[in-house]
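J.: Pasting a structure here, questions to come.
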Amino acid sequence: MTIIAWPWFTASRMKICIIGTGYVGLVSGAALAEAGNTVICVDKDQVKISALKDGLIPIYEPGLETLVANNLKHHRLVFTTDLALGINQADVVFIAVGTPQDADGSADLRAVFAVCEEICAVATKDVIIATKSTVPVGTGDKIEALFKEKLKFHFVVFANPEFLKEGDAVNDFMKPDRIIIGTNDERIIPIVQELYAPFTHQRNRLIFMSRRSAEITKYAANAMLALRISFMNELANFCDAVGGNINDVRTGIGSDGRIGPAFLYAGLGYGGSCFPKDVKALLKASEVAGTPLKTVLACDEANQNQVKTFFGKIATYYGGVDKLKGLSLALWGLAFKAKTDDIRESPALRLADLLLASGVQLRVTDPQAMKAVRKVYGEKLSYFEDAIECLKDADGLILATEWNEFRSPDFGKAKTLLKRAVIFDGRNLFDTKTLHRQGFDHIGVGVKE
């Protein structure tokens, strides 16, 4: 493809290169292949690539395994460690490598720029590069400067941030609320329209803006959602103090069309691979720009405190932190949220750390995250595949992740297994009155007994 020569692009089936087969890259690659494109996914990890070639998915994401298997079968999805193979066959290249939190809170972009250096070294034709990785404002400009210096061919760099929810990522990609395209070069518009046509046929979801605006939009979206969570958690603590019920408050404010019901659930705080690091990266970028985002700083502080507040409720129930030593507690849920095996920044595990440090013996279960937790905690925890069995001889139950499997347990049997009939409900999954009728103490978040 010669970039100079477009003005229109009419290919019905495109060749796509995705660099990075992590969460974003794998979901994006499989979904784009499902739309009929040929997608080459590139990763340096030979072990991961070998597994993916066999259809073995390294993450749990509903629907993803079937999507990968189907497109491997029809040869639309290719996995390789050969960057040159992917780059030089592709119409569009997506960078989807990780941008973890650096020591100072900023986004670590070393993997992004390492990929860009490699592209310069192996490219044999013009390239169109999209950043799918979450990158700070101005990153596209830096990539462009690097290409101007080192790439021998024409190029365009645009931003295409992802907005995928873990646990529903395939659906989010296939039926997006919006597709953000940040570009300073209008020549890519027809290419992007063609690429995303299968996902926008019911209505136009493409939103074009400048590259810097697109980079900001990704961080702004995650920060706004994190703000809602932290606000509700602080409001729940206020309800505990004055005798309100956060579930009633949530229903009341969520019915306002200007507010809406999404992300208004009180609990243990947010976690995962996106919100914690993106909030901190946005804070760092705003400090560097001389315009610190004070509301976002408060959001981060509130989130850090939420698990500690809930830990305090557990300690108070048993008579103080010094009374926790030697207790055995059952912990239901280890992933940072339901429908994923992701334990990064999991509030459940932050709570587990506080309990372990206080001498509590923990009996744990989770439908998907047990393998990942074992790698980190080893024999510090006792693991159970069956949630009810996990309760045997425990001094209480802590609900930390809102899996559907935990919503309707056999409370009668649970009561016979527990040494003390108490449930610490970190997700307000259970109804207080129902539990009281069955003889349980119920300690939730912002729901007074």
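J.: Can you say whether ILE207 is β-branched (Val, Ile, Thr) and surrounded by 19 or more Cβ atoms within 10 Å (Cβ to Cβ), as far as the supplied structure shows?
T.: So ILE207 does not fit the description; no.
J.: If a residue has to be assigned to a loop (DSSP other than H, G, I, E, B) and either of a type outside the set (Ser, Thr, Tyr) or not assigned by TED's automatic domain parsing to the domain that holds TYR265 (or both) to count, how many in region 319-355 make the cut?
T.: 18
J.: Answer with yes or no whether GLY378 is more than 16 Å from ARG363 (Cβ to Cβ) and either small (Gly, Ala, Ser) or not assigned by TED's automatic domain parsing to the domain that holds TYR318 (or both).
T.: When the stated conditions are applied, GLY378 does not pass them.
J.: Could you identify the single residue in THR251, THR295 that is over 20 Å from GLY444 (Cβ atoms) and surrounded by fewer than 18 Cβ atoms within 10 Å (Cβ to Cβ)?
T.: THR295
J.: Given region 35-146, what helices (runs of 4 or more DSSP H) lie entirely inside it while holding 1 or more residues that are in contact with an Asp or Glu (Cβ under 8 Å, 6 or more places away or on another chain)?
T.: In region 35-146, 46-53, 64-73, 83-89 are the helices (runs of 4 or more DSSP H) which contain 1 or more residues that are in contact with an Asp or Glu (Cβ under 8 Å, 6 or more places away or on another chain).
J.: Test GLY396 against the criterion of being surrounded by 20 or more Cβ atoms within 10 Å (Cβ to Cβ) and more than 26 Å from the chain's Cα centre (by Cα), and give yes or no.
T.: Spelling it out, GLY396 is indeed surrounded by 20 or more Cβ atoms within 10 Å (Cβ to Cβ) and more than 26 Å from the chain's Cα centre (by Cα).
J.: Given the criteria over 21 Å from PHE163 (Cβ atoms) and buried (at least 24 other Cβ atoms within 10 Å of the Cβ), does LEU32 qualify?
T.: no
J.: Can you find a residue that is among the hydrophobic types (A, V, I, L, M, F, W, C) and farther than 27 Å from ILE216 by Cα anywhere in region 149-159? Steps first, answer last, please.
T.: Going through region 149-159, the residues among the hydrophobic types (A, V, I, L, M, F, W, C) turn out to be 151, 153, 155-159.
Narrowing further to those that are farther than 27 Å from ILE216 by Cα: 153.
There is at least one residue in region 149-159 that is among the hydrophobic types (A, V, I, L, M, F, W, C) and farther than 27 Å from ILE216 by Cα.
J.: Mind listing whichever residues of region 368-387 are in a helix (DSSP H, G or I) and either in contact (Cβ under 8 Å) with a residue 12 or more places away in the chain or hydroxyl-bearing (Ser, Thr, Tyr) (or both)? Walk me through how you get there before you give the answer.
T.: Within region 368-387, the subset in a helix (DSSP H, G or I) is 370-380.
Within region 368-387, MET370, LYS371, ALA372, VAL373, VAL376, TYR377, LYS380 meet the criteria.
J.: Here's something else I'd like to know. Give region 255-274 a look and list any residue that's within 27 Å of TYR23 (Cβ to Cβ) and without any contact (Cβ under 8 Å) to a residue 60 or more places away in the chain, or say none. Give the steps one after another, and end with the answer.
T.: Going through region 255-274, the residues within 27 Å of TYR23 (Cβ to Cβ) turn out to be 260-274.
GLY260, PRO261, ALA262, PHE263, LEU264, listed by residue number.
J.: Here's a follow-up. Quick one: in region 435-449, which of the residues that are out of contact with any strand residue (DSSP E or B) (no Cβ under 6 Å at 6 or more places or on another chain), surrounded by fewer than 20 Cβ atoms within 10 Å (Cβ to Cβ) and touching a residue at least 12 places away in the same chain (Cβ under 8 Å) is nearest to PHE231 (Cα to Cα)?
T.: LYS448
J.: Check ILE229 against each of (1) modelled with pLDDT of 95 or more; (2) in contact with a strand residue (DSSP E or B) (Cβ under 9 Å, 6 or more places away or on another chain); (3) within 23 Å of GLY260 (Cα to Cα) and name the one condition it does not meet.
T.: With respect to (1) modelled with pLDDT of 95 or more; (2) in contact with a strand residue (DSSP E or B) (Cβ under 9 Å, 6 or more places away or on another chain); (3) within 23 Å of GLY260 (Cα to Cα), ILE229 is out only on (2).
J.: Can you tell me which residue among GLY252, GLY243 is more than 25 Å from ILE16 (Cα to Cα) and modelled with pLDDT under 95? If you could, list the steps in order and put the result at the bottom.
T.: Values: GLY252 fails: modelled with pLDDT under 95.
Being more than 25 Å from ILE16 (Cα to Cα) and modelled with pLDDT under 95 holds for just one of GLY252, GLY243, which is GLY243.
J.: Find all pairs meeting these conditions: Cβ atoms under 7 angstrom apart; at least six residues apart or on different chains; first residue within region 132-160 and outside the structural domain of ALA111 (by TED's automatic domain parsing); second residue acidic (Asp, Glu).
T.: none
The values are calculated or read from the model by the stated rules, or taken from the named source; none is laboratory data. Keep in mind that what you see is a predicted model, and the values were worked out from it rather than measured. In this analysis, Cβ positions are derived from the backbone assuming ideal geometry, glycine residues included, and neighbour counts consider all displayed protein chains.
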